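The values are calculated or read from the model by the stated rules, or taken from the named source; none is laboratory data. The structure presented is a predicted model; accordingly, all values stated were derived computationally and were not measured. Cβ coordinates were reconstructed from backbone atoms using ideal geometry, including for glycine residues, and neighbour counts include every protein chain displayed.
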Amino acid sequence: MLALLLGALGLLPVAASPGAKNVILMIADGAGFNTFDAARMYSATRPVYDGPQWIKLACSTHPLNLSTRPTGTGRQVRELVYDPVKAWSLTEGYAWLRTGATDSAAAATAIATGVKTYNNAIGMSDRGRPLTNLHQLFQASGRSTGVVTSVPWSHATPAAMVAHNLSRNNYTEIANEMVFRSGMDVILGAGHPWYDSRGERRKEIGSAAYVGGVETFRRLTEQRTAYLYLESKLDFERLANGTLDLMGKTRVLGTARAGETLQQGRRWSGDAKSRPPFADPPLPGVPSLATMARGALRVLSANSKGFFLMVEGGAVDWANHANMPGRSIEEQLDFNDAVATVQRWVERNGGWSQNLVIVTADHETGLVWGPNSGTKPFDPLVNNGPGRLPGMAFNSTGHTRSLVPVYARGAGAWRLWDFAKRTDPVRGPYLDNTDLFRLIVGAAEL
Ligand SMILES: [Zn+2]
């Protein structure tokens with residue numbers, strides 16, 4: 001606004017560039033630099049964000065504290081802040097990185113609100129107060145909003161974009177806030193109560209917590225909410241192609257037919273540690289993340305004022321927790337496909353002067369390094385060529401404090417450089433996850 005005013009008064013030397021009409025934030029949950037790299041090595045094609053037009057930096061992810069409930073102080077615990085010297089210590093580095101990591105809730109809250117908080121918080125401060133999130137700011141500017149994920153749609157990362165709850169584990173409450181009180185336009189993910197964690201149909205309905213409980217689920221499936229509800233793979237594809245009848249509704253909620261993850265949790269045979277990607281047949285009844293993203297873009301772009309969309313490759317984290325390299329690569333490639341889909345959409349819909357795309361992770365999971373990293377810290381990955389599992393090993397089953405990559409392209413993306421004030425000896429300049437909120441707010445003129 002100020003820039004426009006100054007521009008009108010002739011006080012700016014060049015016309016101020018207009019802000020980003022649409023912002024698409026893409027989060028590969030639990031994917032550190034080496035998870036991104038492992039997928040690159042396996043794939044015969046480079047991910048689109050390797051292109052020269054993309055800004056490439058690193059990002060710190062630490063939480064405010066390690067409490068699982070508000071402490072009331074709001075103070076940053078100093079020892080948790082990312083420290084390059086400790087992180088890269090050959091003797092202490094692994095131990096330091098493995099402790100004090102953020103969870104997905106605090107990380108997503110930091111990105112969505114610009115405020116560091118305790119682990120478990122969904123859009124809540126360490127003083128236990130609700131924080132204004134990107135969904136609310138975009139909504140207030142007249143724009144549409146949506147979340148898409150490969151894990152349950154009420155899970156931490158999508159939830160923190162839109163909801164407010166003291167604990168990420170209150171799925172029923174979070175889902176009901178999303179469905180009945182948020183006014184979010186598009187909600188797509190997994191978490192179907194009729195399917196188990198392997199993605200197979202149950203004989204009886206399971207827990208409906210992820211979808212807000214049995215009554216909310218019934219109202220959704222009977223089309224008795226503000227959302228057009230869908231769940232079949234065919235309907236997700238119709239949504240993406242623009243052939244699904246929305247029955248006069250403008251909001252869409254889809255629960256893919258998988259209990260927890262679209263594909264990550266399906267059965268496998270052989271040894272999980274050496275099982276290559278795509279060796280086990282995919283579940284036939286669920287859409288890809290790219291298809292869901294395409295569907296979301298179709299609905300959200302109906303608003304001429306613009307939109308905010310968060311797309312999460314949520315199951316990368318689940319694969320890394322399980323220390324399954326093949327599944328980790330599968331999920332990262334599914335995420336990369338979604339990024340490519342988004343890039344194609346941008347190029348046909350206003351281009352890079354109207355759209356801002358950010359690709360990042362909320363934290364690293366698995367302390368992924370090379371095959372000998374168990375005895376040789378920070379041993380690099382081994383590239384065995386396209387279609388072959390890279391030499392890699394996990395050194396943790398949990399989250400770590402490692403820096404994560406951040407890529408950006410489009411309207412206002414260059415401002416990332418303004419935030420990258422610190423430098424890591426290995427990863428180079430880095431910003432903090434709270435800076436992503438500021439970048440988006442500035443770029444979208446919220
Ligand atoms: Zn996470």
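Just to be sure before I move on: is Leu289 buried (at least 24 other Cβ atoms within 10 Å of the Cβ), farther than 30 Å from Trp88 by Cα and within 16 Å of the ligand (Cβ to nearest atom) in the structure I sent?
Here the answer is yes, as Leu289 does meet what is asked.
So which residues in the range 336-371 are more than 16 Å from the chain's Cα centre (by Cα) and within 16 Å of the ligand (Cβ to nearest atom)?
Passing the criteria: Gly366, Leu367, Val368.
Given the condition within 16 Å of the ligand (Cβ to nearest atom) and closer than 17 Å to Ala296 by Cα, answer yes or no: does some residue in the range 160-175 qualify?
Yes, that holds for at least one residue.
Sort out which residues of the range 220-235 are farther than 14 Å from Met178 by Cα and in contact (Cβ under 8 Å) with a residue 40 or more places away in the chain, and write them in order of number.
Listed by number, the residues that qualify are Ser232, Lys233.
Condition check ((1) more than 18 Å from the chain's Cα centre (by Cα); (2) closer than 23 Å to Trp318 by Cβ; (3) among the small types (Gly, Ala, Ser)) across all residues:
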| site | (1), (2), (3) |
| --- | --- |
| Gly72 | yes, no, yes |
| Ala107 | no, yes, yes |
| Ile122 | no, yes, no |
| Leu131 | yes, no, no |
| Leu137 | yes, no, no |
| Gly146 | no, yes, yes |
| Thr149 | no, yes, no |
| Pro152 | no, yes, no |
| Asn165 | yes, yes, no |
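So which of Ala58, Ala108 ends up being modelled with pLDDT of 95 or more and either within 16 Å of the ligand (Cβ to nearest atom) or touching a helix residue (DSSP H, G or I) at 6+ places or on another chain (Cβ under 7 Å) (or both)?
Ala108
Among the residues of the range 70-83, how many are surrounded by 16 or more Cβ atoms within 10 Å (Cβ to Cβ) and not in a loop (DSSP other than H, G, I, E, B)?
So the count comes out to 1.
Restricting attention to the range 331-341, does a residue exist that is surrounded by 24 or more Cβ atoms within 10 Å (Cβ to Cβ), touching a residue at least 40 places away in the same chain (Cβ under 8 Å) and polar (S, T, N, Q)?
Yes, the range 331-341 contains at least one residue that is surrounded by 24 or more Cβ atoms within 10 Å (Cβ to Cβ), touching a residue at least 40 places away in the same chain (Cβ under 8 Å) and polar (S, T, N, Q).
Please identify the pairs in which a residue from the range 308-319 that is of a type in the set (Val, Ile, Thr) has its Cβ atom under 8 Å from the Cβ atom of a residue that is in a strand (DSSP E or B) and near the ligand (Cβ under 10 Å from one of its atoms), counting only partners at least 6 apart or on another chain.
Val311/Ile27; Val316/Ala28; Val316/Thr365
Report, ordered by the first and then the second residue, all pairs with beta carbons closer than 8 Å, sequence separation of six or more or different chains, a first member in the range 29-58 that is more than 15 Å from Glu330 (Cβ to Cβ), and a second member that is part of a helix (DSSP H, G or I) and within 16 Å of the ligand (Cβ to nearest atom).
So the pair list comes out as Ala58/Phe33.
Identify all residues within the range 19-69 that are within 20 Å of the chain's Cα centre (by Cα), closer than 17 Å to Pro277 by Cβ and assigned to a helix (DSSP H, G or I); write none if there are none.
Passing the criteria: Asn34, Thr35, Phe36, Asp37, Ala38, Ala39, Arg40.
Can you name the residue in the range 311-326 that is touching a Pro at 6+ places or on another chain (Cβ under 9 Å) and within 16 Å of the ligand (Cβ to nearest atom) and, of all such residues, is nearest to Asn383 (Cα to Cα)?
Checking each candidate, the answer is Ala319.
Just the residues that are without any contact (Cβ under 8 Å) to a residue 40 or more places away in the chain and either touching a strand residue (DSSP E or B) at 6+ places or on another chain (Cβ under 9 Å) or surrounded by 24 or more Cβ atoms within 10 Å (Cβ to Cβ) (or both), please, taken from the range 348-369.
Across the range 348-369, the qualifying residue is only Gly351.
Being in contact with a strand residue (DSSP E or B) (Cβ under 6 Å, 6 or more places away or on another chain) and among the aromatic types (Phe, Trp, Tyr) is the requirement here; does Tyr171 meet it?
no
For (1) under 24 Å from Asn303 (Cα atoms); (2) more than 15 Å from the ligand (Cβ to nearest atom), each residue gets a yes or a no:
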| site | (1), (2) |
| --- | --- |
| Val115 | no, yes |
| Asp126 | no, yes |
| Asn133 | yes, yes |
| Ser141 | yes, yes |
| Ser144 | yes, yes |
| His155 | no, no |
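Working only within the range 210-236, note down all residues that are within 16 Å of Val186 (Cβ to Cβ) and part of a helix (DSSP H, G or I).
Val211, Leu220, Asp235, Phe236
Hey, does the range 124-132 have a residue that's within 24 Å of Leu188 (Cβ to Cβ) and buried (at least 24 other Cβ atoms within 10 Å of the Cβ)?
Looking through the range 124-132, none of the residues is within 24 Å of Leu188 (Cβ to Cβ) and buried (at least 24 other Cβ atoms within 10 Å of the Cβ).
Please name all residue pairs, on different chains or six or more residues apart, with Cβ atoms under 8 Å, provided the first residue is in the range 103-131 and is at positive phi and the second residue is of a type in the set (Asp, Glu) and assigned to a loop (DSSP other than H, G, I, E, B).
Note: pairs meeting the criteria are Asn120/Asp103.
Condition check: away from the ligand (no atom under 16 Å from the Cβ), surrounded by 15 or more Cβ atoms within 10 Å (Cβ to Cβ) and at pLDDT below 95. Does Ala3 satisfy that?
For Ala3, the condition - away from the ligand (no atom under 16 Å from the Cβ), surrounded by 15 or more Cβ atoms within 10 Å (Cβ to Cβ) and at pLDDT below 95 - is met.
For the range 421-446, what are the residues that are under 20 Å from Ala31 (Cα atoms) and of a type in the set (A, V, I, L, M, F, W, C)?
Listed by number, the residues that qualify are Val426, Leu431, Leu436, Phe437.
Conditions (1) closer than 30 Å to Gly114 by Cβ; (2) outside any strand (DSSP E or B); (3) touching a helix residue (DSSP H, G or I) at 6+ places or on another chain (Cβ under 8 Å), marked per residue:
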{"residue": "Leu333", "(1), (2), (3)": "no, yes, yes"}
{"residue": "Val342", "(1), (2), (3)": "yes, yes, yes"}
{"residue": "Trp345", "(1), (2), (3)": "yes, yes, yes"}
{"residue": "Pro371", "(1), (2), (3)": "no, yes, no"}
{"residue": "Asp379", "(1), (2), (3)": "no, yes, no"}
{"residue": "Leu389", "(1), (2), (3)": "no, yes, yes"}
